[in-house]
1. List every residue pair whose Cβ atoms sit under 6 Å apart, with the two residues 6 or more apart in sequence or on different chains, where the first one lies in segment 83-110 and is within 19 Å of S30 (Cβ to Cβ) and modelled with pLDDT of 85 or more and the second, anywhere, is among the small types (G, A, S) and surrounded by 11 or more Cβ atoms within 10 Å (Cβ to Cβ).
2. With closer than 21 Å to T106 by Cα, touching a Lys or Arg at 6+ places or on another chain (Cβ under 7 Å), of a type outside the set (A, V, I, L, M) and loosely packed, with under 15 Cβ neighbours inside 10 Å as the only criterion, which of G21, G62 stands out?
3. List the number of the failed condition for P64; all other conditions in (1) at pLDDT below 85; (2) at negative phi; (3) more than 13 Å from the chain's Cα centre (by Cα); (4) not polar (S, T, N, Q) hold.
4. What is the number of the single condition among (1) closer than 18 Å to R100 by Cα; (2) part of a helix (DSSP H, G or I) that Y34 does not meet?
5. Does segment 24-47 include one or more residues that are within 18 Å of A108 (Cα to Cα), surrounded by fewer than 21 Cβ atoms within 10 Å (Cβ to Cβ) and either touching a Pro at 6+ places or on another chain (Cβ under 8 Å) or touching a residue at least 60 places away in the same chain (Cβ under 8 Å) (or both)?
Amino acid sequence: MDPEALKKEAAEAALAYVPKGCVLGVGTGSTTMYFIRGLKKGWVRGAVPSSKESERALRKKGIPVLDLNQAKKVSVYVDGADEVDRRMRLIKGGGGALTREKIIATAANK
């Protein structure tokens, strides 16, 4: 399977972990863009994006964008990674939004 197909499959699988009505944390990158495309308007109460790119994609889908202070609570954080080992340790690639990704991921329940 080619890398783009794997990213799309991973993003689609991640949608099953998003509870209806939650506030979602959203990472950055190509896999995350597939995830955002799969989100249904009205499924989540809002999303806290880690980058302007993710923010634009969420707004385009009609999903309310919140900052971490407005959200108060983030139920689930979703992001991609370049590598994952058997112990579930991740390696992030470009790192363009790494600090914001870490802050939102730490604030999330899952």
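1. These pairs meet every condition: I104/G25; I104/S50.
2. Within the list G21, G62, the selection yields G21.
3. P64 satisfies every listed condition except (1).
4. Of (1) closer than 18 Å to R100 by Cα; (2) part of a helix (DSSP H, G or I), only one is false for Y34: (1).
5. Scanning segment 24-47 turns up at least one residue that is within 18 Å of A108 (Cα to Cα), surrounded by fewer than 21 Cβ atoms within 10 Å (Cβ to Cβ) and either touching a Pro at 6+ places or on another chain (Cβ under 8 Å) or touching a residue at least 60 places away in the same chain (Cβ under 8 Å) (or both).
The values are calculated or read from the model by the stated rules, or taken from the named source; none is laboratory data. Computed from a predicted structure; not experimentally measured. Heads up, the Cβs are rebuilt from the backbone with ideal geometry, glycines too, and the neighbour counts pull from every protein chain shown.
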